[in-house]
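Below: the structure, in structure tokens.
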Amino acid sequence: MARTLITVPRTAKRDEIIEIRALVQHSMETGYRRSSEGDLLPRDLIRRFTCRFVPGAVANANTASTAGDLIFAATFHAAIAANPYLSFNLRATTSGTLVFTWEGDNGLAQSDTVNLLVA
Amino acid sequence: MTAAHAADARKSGFEFMQPSTQALQKDDTQNPAMLWVKDGEALWNKPEGAAVKSCANCHGEISRMKSVAARYPAYSSTQKKIINLSQQINLCRVTQQQASAWPVEHESLLGLEAAIAKESRGLPVAPPAQSQLADAQMRGETLFNQRIGQVDLSCRDCHETLAGKKLGGNVIPQGHATGYPIYRLEWQSVGSLQRRLRGCMTAVRAEPYAHGASELVDLEAYLAKRGAGMPLEAPAVRP
């Protein structure tokens, strides 16, 4: 389980543009580095980050990774620093749930959800 | 600004950083060290060891650790020596929780240290008045002024005489250890002051003291005296 820090305002006014910040702990090992013994360190990267918005009631954790509207996605490569940080904006229209997903090597599949209340 | 402030020529390493790196430290939602702090705060309440005790069982809320990090390294009456904060954490772990000590630079150890240090953010570095600590500070000062390695440099040569000038592309900071444990961009992770000190020793091609060596703790004690009164900024970000 990767550790994450997600910053989203708890409440927003309708049509307000809110900033979403997502920080994840990950080594982003490039696969090009060698250990002090000279062995190649195996590549271990986050490959893709997505943020989806599921309107209405709180999303079910099982269906969350494909449900809703994609609002932001990023494909990561070896040149991205460790512990990648992303910041992007969303126009808040209705209440719902933001679903953050990080996927990558060695079966990495980390999902986090944050509820957003639009008044 | 008060007269005392204006007269203080000491500057935190923060002042020597680029604005983009400063921004990372100033904003907790961007500071990657907060991932370690989050981990440390979870560990604070987690029962561990044969005693099945958490830090909170003895110490209460982590907010009660306010000002604790500002006084370390300090003399431990049970150990009869000067210890730093991470050694105190491991001491609690072994004697109170009856768990095995974490190895040096262990993620969990750094996390707890960062979480505890964060509670003292903004407070002045305040080494206690202890005769044993005063001795350690003197030993540390000798080490600070001692030229070492094939490059034949002392800490003072770079961090006092040449502070503010350039080493390669980087500005040499004054070497005030007010932000440890730090997230260092070069490491791409959180590390301790001892890791940083050992890095400098390797850079001047000297044989670094082992992690946890009393010489390193003495140096830490002198650095705390040298930075006494400066605000703590842990967990800091450094290039």
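Each value in this text was obtained by applying a stated rule to the coordinates, not by laboratory testing. Nothing here was measured: the structure is a model prediction, and the numbers come from that model. Because the Cβ atoms are built from the backbone with ideal geometry, glycine has one as well, and the counts that use them run over all protein chains shown.
Structure summary
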item: Top-ranked residue of the range B:178-237 - restricted to ones that are charged (D, E, K, R) and part of a helix (DSSP H, G or I), ranked as surrounded by the fewest Cβ atoms within 10 Å (Cβ to Cβ); result: B:Glu215
item: Those residues of the range B:54-98 which are more than 23 Å from the chain's Cα centre (by Cα) and surrounded by 18 or more Cβ atoms within 10 Å (Cβ to Cβ), in sequence order; result: B:Gln97
item: Candidate set from the range B:16-48 (those that are β-branched (Val, Ile, Thr) and either assigned to a helix (DSSP H, G or I) or more than 8 Å from chain A (Cβ to nearest Cβ) (or both)); member that is surrounded by the fewest Cβ atoms within 10 Å (Cβ to Cβ); result: B:Thr21
item: Filter result (among the basic types (Lys, Arg) and either within 14 Å of another protein chain (Cβ to nearest Cβ) or assigned to a strand (DSSP E or B) (or both)) within the range B:157-177; result: B:Lys166
item: Among the residues listed as A:Ser111, A:Ser95, A:Ser35, A:Ser27, the single one being of a type in the set (Gly, Ala, Ser) and within 14 Å of another protein chain (Cβ to nearest Cβ); result: A:Ser27
item: Among the candidates B:Lys80, B:Lys46, B:Lys11, B:Lys26, residue that is of a type outside the set (Gly, Ala, Ser), free of Cβ contacts under 8 Å to residues at least 12 places away in the same chain and closer than 30 Å to B:Ile172 by Cβ; result: B:Lys26
item: Selection count where residues are farther than 17 Å from B:Thr21 by Cβ and surrounded by 18 or more Cβ atoms within 10 Å (Cβ to Cβ), scope the range B:164-174; result: 0
item: The one condition in (1) of a type in the set (Gly, Ala, Ser); (2) touching a residue at least 60 places away in the same chain (Cβ under 8 Å); (3) not in a loop (DSSP other than H, G, I, E, B) that B:Ala134 fails to fulfil; result: (2)
